[in-house]
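Visitor: Quick one: the structure is below, questions incoming.
The values are calculated or read from the model by the stated rules, or taken from the named source; none is laboratory data. Note that the structure is a prediction, hence the values are computed from the model and not measured. A quick note on method: Cβ atoms are made from the backbone with ideal geometry, for glycine too, and the neighbour counts reach across all protein chains shown. Heavy atoms of the whole protein, side chains included, go into the accessibility calculation; ligands, DNA and RNA do not. Shrake-Rupley method; radii C 1.70, N 1.55, O 1.52, S 1.80 Å.
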There are 2 protein chains.
Amino acid sequence: MSFPVLKNDRLLRAARGEEVDKIPVWVMRQAGRYLPEFRELRSRHDFFTICQTPELAAEITLQPIQRFDLDAAIIFSDILVIPQALGMVVEMRPGVGPVLPEPLETPTDLQRLQHPVDVNATLGYVFKAITLTRHRLEGKVPLIGFSGAPWTLMGYMIEGGGTKTMSKAKAWLYQYPEASKELLQLLTDVTVDYLVGQVQAGAQLLQLFESNADFLGPALFYQFALPAIAEINQRVKDKCKQLKLEIVPMTIFAKGAHYALEELSKCGYDVVSLDWTLDPEQSRQRVGPNITLQGNLDPCALYAPNVSLEREVKEMVKKFGKKRYIANLGHGIYPDMDPESVRIFIDTIHSF
Amino acid sequence: MSFPVLKNDRLLRAARGEEVDKIPVWVMRQAGRYLPEFRELRSRHDFFTICQTPELAAEITLQPIQRFDLDAAIIFSDILVIPQALGMVVEMRPGVGPVLPEPLETPTDLQRLQHPVDVNATLGYVFKAITLTRHRLEGKVPLIGFSGAPWTLMGYMIEGGGTKTMSKAKAWLYQYPEASKELLQLLTDVTVDYLVGQVQAGAQLLQLFESNADFLGPALFYQFALPAIAEINQRVKDKCKQLKLEIVPMTIFAKGAHYALEELSKCGYDVVSLDWTLDPEQSRQRVGPNITLQGNLDPCALYAPNVSLEREVKEMVKKFGKKRYIANLGHGIYPDMDPESVRIFIDTIHSF
């Protein structure tokens, strides 16, 4: 596939450990409810209709790029498209979030999952959205693809939505370790195909979201979550090589896995994304010099008055340094945040 | 006040760093919804009515003691009795949890708080419940008193209940740092009086619950939460000394404050309670030999089959060792857990 020439490669250079003129910056959930233009479009379309309609997904992906001096776009989609591809119903309920009305209850429910998954048939709409968006970007900035990581997806599939404790999904890990591994392997297989398909469609960096790592302690994380994370990086890169696709950099974001930073940095990912509870300098010491770090401003710092926000950003950059660093928040931006604070965040990063 | 002689002082000995014959063990939220006898009593009484009725609070506090071989009782109450004492309405809604229908919105709302608080007038029912329970315990095990820590209380008072992000309360820290400190100081003052009153009433160890530390990163925690935590330990002990009360051991549980373990261990607390994301051996190295550690089995391990649960408990104890250690879960027990698993947890601990 042929695409417009990339004019701003800061993000990719930083991910590969090359010199950059300025620190690259993007924002998790950067296309979303804090933007009035998103809310306007969203008021006319169902959430998953937007995900499934390449024209709409592309339009939303481009909204923050048109507004801000960002160094990357991230395709508008949702991590729960994989459970959907496996035949599960996922609804996005206003004020509640995602709901899976028929969650997996016991290992026999694994039989309900429709697999193996033909990702082109079930998730082709994401690939189309990526290709269309990359053309529309006209090489302005690179396009990031993403997927949820297996443990996080398993959590939603068993809990049926968000939860305070993830206790049902964790009960599976303790009660049905073998069935849990079967489910995680199945999700790993789909995720590998899904991410390779994204590269094929034009994604220039891939981020894996292990958003629910904070529910696991070290033992469960090492036993169940980490092997899948490591396997995905390895297999995606192997398969891209085999298909003579570009080997794109890969980022792992395991929110709350403070205990596993060293192990995560040994999984082969090019970038390790940090949540806001991790100190940049300590994290650098823990992962060594050969990994790019991403993050990690507390999203709530965007509520601060401009002067304080600028000070927070400057302190963060001072700690991370300019080398092997991609600036971002420590988690997704919240819907009630002021787009002007996002602008200040981005411009302060670029002022270094 | 005169109480029955204490027959089992394992918990207090471990908290003070003395030798123990067996590892002391108790369970956070040990009197609660996982017990059928609790659910029976609760079906007849409103949650806060139980807290406010010393006879009922004592009965519920004793339920797990009658059932299990525990080394401590913890008074049945709730951390939100302090916001109530400050004049805020707190409701316990089934399936939702605590709701404060009129949360603090801006710093001017601080004027709504009724303070200074006369803890004997507003929280005397807790003191009565403690005195009654300590008599009823007949010296079988020591009685633990507790309070929520200021940042955690502030969170509920601003959010009006549980939340996924604590974004309103964190917005206060960023937008109104001075008013936030004023509120935290006010909560610190009440908490000190409240905890001293509990010692006066018969509490033999005090635990401070900073349950919402996980929403803060290092900078906010050090600036806002930690100073209050340190001040409470110092002032409670000073005041007990001044009033010629027993100086009881104090425990700090700051859930999610993995980044602050060293700093927490320097606050003067006798016991630092760990959540399940922290490795026991690394934690010991970080805090040094002069602190008792408490914790930290993943509550969800209680869903495991008996054999696996026993194995998990044994691995935990092997890591913590018998010295300066109080066994517990890494967070409160969940309502759907099997009391028989609690028994196995306790008995396995005592088998060392």
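Visitor: Quick one: in the stretch B:103-121, which of the residues that are touching a Phe, Trp or Tyr at 6+ places or on another chain (Cβ under 9 Å) and open to solvent by 10 Å² or more (accessible area, probe 1.4 Å) is nearest to residue B:193 (Cα to Cα)? Even if it seems obvious, please write down each step before you answer.
Guide: Initial filter on the stretch B:103-121 (touching a Phe, Trp or Tyr at 6+ places or on another chain (Cβ under 9 Å)): B:103-104, B:106-107, B:117, B:119-120.
Next, from what is left, pick out any that are open to solvent by 10 Å² or more (accessible area, probe 1.4 Å): B:103, B:106-107, B:117, B:119-120.
Values: B:103: 24, B:106: 26, B:107: 24, B:117: 9, B:119: 7, B:120: 9 Å.
Among residues in the stretch B:103-121 that are touching a Phe, Trp or Tyr at 6+ places or on another chain (Cβ under 9 Å) and open to solvent by 10 Å² or more (accessible area, probe 1.4 Å), the one nearest to residue B:193 (Cα to Cα) is B:119.
Visitor: I'd like to check something: does the stretch B:268-275 contain any residue that is within 21 Å of the chain's Cα centre (by Cα), more than 30 Å from residue B:194 (Cα to Cα), of a type outside the set (A, V, I, L, M) and open to solvent by less than 20 Å² (accessible area, probe 1.4 Å)?
Guide: Taking every residue of the stretch B:268-275 in turn, none turns out to be within 21 Å of the chain's Cα centre (by Cα), more than 30 Å from residue B:194 (Cα to Cα), of a type outside the set (A, V, I, L, M) and open to solvent by less than 20 Å² (accessible area, probe 1.4 Å).
Visitor: What tally of residues in the stretch A:279-307 results from selecting those that are surrounded by fewer than 19 Cβ atoms within 10 Å (Cβ to Cβ), at the interface with another protein chain (Cβ under 9 Å from one of its Cβ atoms) and more than 16 Å from residue A:348 (Cα to Cα)?
Guide: Summing the residues that are surrounded by fewer than 19 Cβ atoms within 10 Å (Cβ to Cβ), at the interface with another protein chain (Cβ under 9 Å from one of its Cβ atoms) and more than 16 Å from residue A:348 (Cα to Cα) in the stretch A:279-307 gives 2.
Visitor: Which residues, counting only those in the stretch A:188-233, are within 14 Å of chain B (Cβ to nearest Cβ) and aromatic (Phe, Trp, Tyr)?
Guide: Of everything in the stretch A:188-233, those that are within 14 Å of chain B (Cβ to nearest Cβ) and aromatic (Phe, Trp, Tyr) turn out to be A:215, A:221, A:222, A:224.
Visitor: Taking the condition out of contact with any Cys (no Cβ under 8 Å at 6 or more places or on another chain) and open to solvent by less than 10 Å² (accessible area, probe 1.4 Å), does residue B:150 pass?
Guide: yes
One line per residue, one yes/no per condition, for (1) open to solvent by less than 10 Å² (accessible area, probe 1.4 Å); (2) free of Cβ contacts under 8 Å to residues at least 24 places away in the same chain; (3) more than 16 Å from residue A:142 (Cα to Cα):
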position	(1), (2), (3)
A:11	yes, no, no
A:23	yes, no, no
A:35	yes, no, yes
A:42	no, yes, yes
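Visitor: Here is a follow-up. Regarding the stretch B:176-194, can at least one residue be identified that is in a helix (DSSP H, G or I), small (Gly, Ala, Ser) and open to solvent by 10 Å² or more (accessible area, probe 1.4 Å)?
Guide: Scanning the stretch B:176-194 turns up at least one residue that is in a helix (DSSP H, G or I), small (Gly, Ala, Ser) and open to solvent by 10 Å² or more (accessible area, probe 1.4 Å).
Visitor: Here is a follow-up. Give A:167, A:147 a once-over and let me know the one that is free of Cβ contacts under 8 Å to residues at least 40 places away in the same chain and out of contact with any Lys or Arg (no Cβ under 7 Å at 6 or more places or on another chain).
Guide: It is A:167.
Visitor: Listed residues B:184, B:195, B:132; which is touching a residue at least 60 places away in the same chain (Cβ under 8 Å) and either in contact with a Cys (Cβ under 8 Å, 6 or more places away or on another chain) or of a type in the set (A, V, I, L, M) (or both)?
Guide: B:132
Visitor: Here are the criteria: (1) of a type in the set (A, V, I, L, M); (2) in contact with an Asp or Glu (Cβ under 7 Å, 6 or more places away or on another chain); (3) open to solvent by less than 10 Å² (accessible area, probe 1.4 Å). Tell me which single one residue B:226 does not satisfy.
Guide: (3)
Visitor: Still on this structure: Can you pull out the helices (runs of 4 or more DSSP H) entirely within the stretch A:42-149 that have at least 2 residues that are farther than 23 Å from residue A:162 by Cα, in contact with a strand residue (DSSP E or B) (Cβ under 7 Å, 6 or more places away or on another chain) and not β-branched (Val, Ile, Thr)?
Guide: Here the list reads A:119-137.
Visitor: Quick one: which residue in B:96, B:89 is at negative phi, at pLDDT below 95 and of a type in the set (A, V, I, L, M, F, W, C)?
Guide: B:96
Visitor: Looking at the stretch A:150-175, which of the residues that are of a type in the set (Val, Ile, Thr) and outside any helix (DSSP H, G or I) is nearest to residue A:257 (Cα to Cα)?
Guide: Step by step, filter the stretch A:150-175, then rank; the result is A:165.
Visitor: What's the number of the condition residue A:317 fails, among (1) within 11 Å of chain B (Cβ to nearest Cβ); (2) under 17 Å from residue A:70 (Cβ atoms)?
Guide: Condition (1) is where residue A:317 drops out.
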